[in-house]
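Notes for the one structure printed next.
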Amino acid sequence: MPPVFKLQPLLDLSKLRLDEATRELGQLIAGEQEASRRLAILTQYRDEYQAQFRAAAQRGISREEWNNFTRFLARIDDAIVPAAQSVALTQQRTLAGKQNWVGKQGRVRAFDTLADRHRAVVAGHQNKAEQKVSDEFGARQHASQDPQSDLLSLLAANRAKLGLLT
């Protein structure tokens, strides 16, 4: 059995945390989009109502109608302020979530790089061992009458030394 990558548990944990950060970021983005949608609806409604107010004012309206329009526009403005604050807050949270995700992704990449290096080192050791067996086989082939059995016994011995037998 080839040597185990000792940091594999950390790689697995970092991948798990990256998955969690990805889900969290998705939720943050959805929340930001919803807050932006609500603000856009309020703003559009205010613009439409203000256009109605202007049209009515041009036709001529009473003081009471004027006051009703202005009070209602003030209420819409009062609703727009917290909606805009909500958008700003959700944007900040989304940005923090993106930064968290980028950090988790960098950690996974670092462990992946270490795992790749580990696999390359193990493969190099295996290749050297196989080359050694091949060289020994070539040297013994001239001295032996049954080269196939010698090769098999050399391969088995070297694999046992490396812990490659399963």
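Among the listed residues Thr113, Thr94, which satisfies the condition of being in contact with a helix residue (DSSP H, G or I) (Cβ under 6 Å, 6 or more places away or on another chain), among the polar types (S, T, N, Q) and part of a helix (DSSP H, G or I)?
Among Thr113, Thr94, only Thr94 is in contact with a helix residue (DSSP H, G or I) (Cβ under 6 Å, 6 or more places away or on another chain), among the polar types (S, T, N, Q) and part of a helix (DSSP H, G or I).
Can you pull out every residue in the stretch 18-58 that is of a type in the set (Ser, Thr, Tyr) and either within 25 Å of Asn100 (Cα to Cα) or not in a helix (DSSP H, G or I) (or both)?
Thr22, Ser36
Looking at the stretch 116-127, I want the residues that are under 13 Å from Phe5 (Cβ atoms) and have a partner that is of a type in the set (A, V, I, L, M, F, W, C) with Cβ atoms under 7 Å, at least 6 apart or on another chain. Which pairs are those?
Cβ pairs passing all conditions: His118/Phe5.
Criterion first (without any contact (Cβ under 8 Å) to a residue 24 or more places away in the chain and either exposed (fewer than 11 other Cβ atoms within 10 Å of the Cβ) or out of contact with any strand residue (DSSP E or B) (no Cβ under 7 Å at 6 or more places or on another chain) (or both)) does Val81 satisfy it?
Criteria met by Val81.
Kindly check whether there is at least one residue in the stretch 103-117 that is over 23 Å from Glu24 (Cβ atoms) and among the charged types (D, E, K, R).
Yes, the stretch 103-117 has at least one match.
Test Ala74 against the stated conditions and say whether it is over 16 Å from Leu39 (Cβ atoms) and either of a type in the set (Lys, Arg) or assigned to a helix (DSSP H, G or I) (or both).
yes
Got a number for residues in the stretch 59-71 being exposed (fewer than 11 other Cβ atoms within 10 Å of the Cβ) and not in a helix (DSSP H, G or I)?
2
Each reported figure results from applying straightforward, stated rules to the coordinates on display, with no laboratory input. Note that this is a predicted model, so its numbers are computed, not measured. Glycine gets a Cβ as well: all are built from the backbone with ideal geometry, and neighbour counts include every protein chain shown.
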